[in-house]
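Below: the structure, in structure tokens.
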Amino acid sequence: MKIGFAALIARMVLVVLSGFAVTAIAPITAKATEDMRPRIVVETYYAALDEVLRNAKTLGFAGRYKALDPAIARSFDIPFMARVAVGHYWRKYAKDQKSSIAVRMHGLSVATYASRFKSYAGEKFEVLESATTARGDVLVRTRIVKSNGKAVKINYLLRKRGQGWRIIDVHLKGTISELARWRADFSSILRDKGYDGLIAAIDKKIALLKTE
């Protein structure tokens with residue numbers, strides 16, 4: 001690629017999420033929010049991840065998938081993420097098609113984490129500070145500390161939905177938007193193969209993750 005991947009993703013985050021009035025990369029207010037509920041969502045999610053990781057080999061892929069399924073359902077706003085990932089194509093689809101995309105994106109999320117956390121080597125999940133964006137969303141900063149002391153930054157952007165909070169994006173290494181990556185992956189498929197092509201591509205990816 002002619003442009004650095006991180007730079008491309010950062011640019012896409014601004015373009016993609018601004019269309020939905022999301023301020024994932026907006027300036028963060030200096031004072032962290034006093035409402036601890038977004039942090040608790042991430043802590044609860046990490047507790048589930050930690051339990052799965054510690055028993056990863058015993059559980060196998062199917063067991064990890066089963067354990068992570070409800071954790072991701074209650075922690076992430078998958079319908080919103082599906083709408084952003086599909087972009088302007090979303091308004092062209094019927095209600096049942098939108099639902100089908102969201103269901104498959106949920107399955108893809110669960111399969112991705114079930115595949116990613118397949119062996120335990122002393123990793124620790126640490127939830128650090130949280131801060132409120134200008135939009136009113138909350139960014140919760142975390143890290144995964146490996147047994148050798150090296151840490152990987154992972155930040156979660158949460159938005160209030162009714163009485164609760166849900167994760168609407170994950171920033172890998174602190175900056176790389178997983179939602180923008182989905183948007184990039186889906187864009188060419190939707191352009192060339194449409195709705196059926198997207199469904200087939202997600203199903204194929206889930207099947208591949210099960211074998212990894």
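When only residues in the stretch 160-182 that are surrounded by fewer than 16 Cβ atoms within 10 Å (Cβ to Cβ) and within 19 Å of the chain's Cα centre (by Cα) count, which is farthest from Thr44 (Cα to Cα)?
Per the criteria, the residue is Thr175.
Quick one: Val152 ticks every box in (1) modelled with pLDDT under 95; (2) of a type in the set (Val, Ile, Thr); (3) touching a Ser or Thr at 6+ places or on another chain (Cβ under 9 Å) except a single one, so which number is it?
(3)
Between a first residue in the stretch 159-170 that is within 9 Å of Arg37 (Cβ to Cβ) and a second residue that is part of a strand (DSSP E or B), which pairs have beta carbons less than 9 Å apart while being 6 or more apart in sequence or on different chains?
Lys160/Val138; Lys160/Arg166; Trp165/Val138; Trp165/Leu158; Trp165/Arg159
Sort through Leu179, Leu158 and tell me the only one that's within 15 Å of Ser75 (Cβ to Cβ), touching a strand residue (DSSP E or B) at 6+ places or on another chain (Cβ under 7 Å) and at pLDDT 95 or above.
Just a single option satisfies the conditions, and that option is Leu158.
Within the group Asp185, Asp203, which residue is under 17 Å from the mean Cα position of the chain (by Cα), part of a helix (DSSP H, G or I) and acidic (Asp, Glu)?
Just a single option satisfies the conditions, and that option is Asp185.
So how many residues does the stretch 115-131 have that are under 19 Å from Phe61 (Cα atoms) and among the aliphatic types (A, V, I, L, M)?
Selection size over the stretch 115-131: 1.
Counting residues that are hydroxyl-bearing (Ser, Thr, Tyr), which strands (runs of 3 or more DSSP E) fully inside the stretch 71-182 reach at least 1?
Once the strands (runs of 3 or more DSSP E) in the stretch 71-182 are filtered for at least 1 residues that are hydroxyl-bearing (Ser, Thr, Tyr), what remains is 124-132, 138-145, 151-161.
The values are calculated or read from the model by the stated rules, or taken from the named source; none is laboratory data. Not measured: the values here are computed from a predicted model. Glycine also receives a Cβ, built like all others from the backbone with ideal geometry; neighbour counts cover every protein chain displayed.
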